[in-house]
Amino acid sequence: MKHLLGIEQLTADEIAALVDHALVLKAGRVRGRIGTELAGETWAMIFTKSSTRTRVSFEVGLTELGARPLFLNANDIQLGRGEPIRDTARVLGRMVHGAIIRTYAQQDVVDFAEYGRIPTINALTDEEHPCQILADLLTIRERLGGWEGKKIVFFGDGDCNMGRSWAWAAKRLGFELVVAAPKAFQPDDAFMARLGEAPVTLTEEVESAARGADVLYTDTWVSMGREAEAEERLKILAPYQINQSLVDLANPGAIVQHCLPAYRDKEICGALFEERADELFQQAENRLHAQKAILLALARER
């Protein structure tokens, strides 16, 4: 694994190895300890989209591994004034040891990896969010013992980076994924054709989707860049809120997951969010451990 561009590019063995290593790193973590695994390295963090969890977890993770994070808001560098991503990549590739990119277009991450020739991590694009998925799989391993034989249900806007990333994870790992969303918010035909044969079901039926679920998952319904559509999206997606009635249909011991930030009483019932806060913020914490595993995996392949 030379880059982490998406779950689509990973094998089942690579995913499992990253989750296994994240578990080890989490168990052995001493807060404040500075390691030597990436000592002397500088990693560029190029963010076009704002962030809390992604930025903090990568900065802390790099620091704990001995590296220096170099945060670059895209609007503060020439990229924000129209410099092509391939030129930015060819400059940074001669100066830093790796790049972490959070942006809109998946092609920007792909191009950076090609022209920068340094380890490149997709920290979120409109197409995929692989770091989040790996943290989620770590949480499922901790809470449920693993994903084998499990039913994961994604509610709401299924045609988003998280919905697509979950679909690739299901294809690679073989668990059952149900995407419960209005027809217009389901992954489109082109994506499903690219996905090919996979244990992924698309449905508009909320209750049947929740029945027998092991993981009930949702994401914000108004992603960055879609604020102008907020009122219409919230109205259409309202029946797909995760609430206690759906939890009651799920398997005993089912967990509720949200990749955050959460908008209470929209995509998830506020009372349920607070009731399940421990597992939700365990999920958020696991970004740190999963991403340290990613950084070390890429460093080994250089």
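Overview of values
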item	result
Residue selected from the stretch 202-256 under the condition among the aromatic types (Phe, Trp, Tyr) and at pLDDT 95 or above, by the criterion farthest from the chain's Cα centre (by Cα)	TYR240
Subset of the stretch 224-240 (residues that are in contact with a helix residue (DSSP H, G or I) (Cβ under 8 Å, 6 or more places away or on another chain) and either among the small types (Gly, Ala, Ser) or closer than 30 Å to ASN251 by Cα (or both))	ILE236, LEU237, PRO239, TYR240
Residue within the stretch 52-67 that is assigned to a loop (DSSP other than H, G, I, E, B), surrounded by fewer than 17 Cβ atoms within 10 Å (Cβ to Cβ), among the hydroxyl-bearing types (Ser, Thr, Tyr) and modelled with pLDDT of 95 or more present	yes
Yes/no for VAL96 being surrounded by 14 or more Cβ atoms within 10 Å (Cβ to Cβ), in a helix (DSSP H, G or I) and among the aliphatic types (A, V, I, L, M)	no
Failed item in (1) closer than 25 Å to TRP168 by Cβ; (2) within 17 Å of the chain's Cα centre (by Cα); (3) not basic (Lys, Arg), with ALA89 passing the rest	(2)
Residue within the stretch 251-269 that is in contact with a helix residue (DSSP H, G or I) (Cβ under 8 Å, 6 or more places away or on another chain), basic (Lys, Arg) and either outside the structural domain of VAL60 (by TED's automatic domain parsing) or touching a residue at least 24 places away in the same chain (Cβ under 8 Å) (or both) present	yes
Selection count, the stretch 270-293, where residues are within 22 Å of VAL178 (Cα to Cα), part of a helix (DSSP H, G or I) and without any contact (Cβ under 8 Å) to a residue 40 or more places away in the chain	3
Of the criteria (1) more than 27 Å from GLU148 (Cβ to Cβ); (2) touching a helix residue (DSSP H, G or I) at 6+ places or on another chain (Cβ under 9 Å); (3) without any contact (Cβ under 8 Å) to a residue 40 or more places away in the chain, which one GLY40 fails	(2)
Residue among ASP136, ASP214 that is among the charged types (D, E, K, R), surrounded by fewer than 22 Cβ atoms within 10 Å (Cβ to Cβ) and in contact (Cβ under 8 Å) with a residue 60 or more places away in the chain	ASP214
Residue match in the stretch 176-189 (condition: touching a helix residue (DSSP H, G or I) at 6+ places or on another chain (Cβ under 7 Å) and within 25 Å of ARG300 (Cα to Cα))	no
The stretch 139-166: number of residues that are crowded, with 23+ Cβ neighbours inside 10 Å and either free of Cβ contacts under 8 Å to residues at least 12 places away in the same chain or of a type in the set (Lys, Arg) (or both)	1
Subset of the stretch 170-211 [crowded, with 17+ Cβ neighbours inside 10 Å and in contact (Cβ under 8 Å) with a residue 60 or more places away in the chain]	ARG172, LEU173, ALA180
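The values are calculated or read from the model by the stated rules, or taken from the named source; none is laboratory data. None of the values given here were measured: they were computed from a predicted structure. Glycine also receives a Cβ, built like all others from the backbone with ideal geometry; neighbour counts cover every protein chain displayed.
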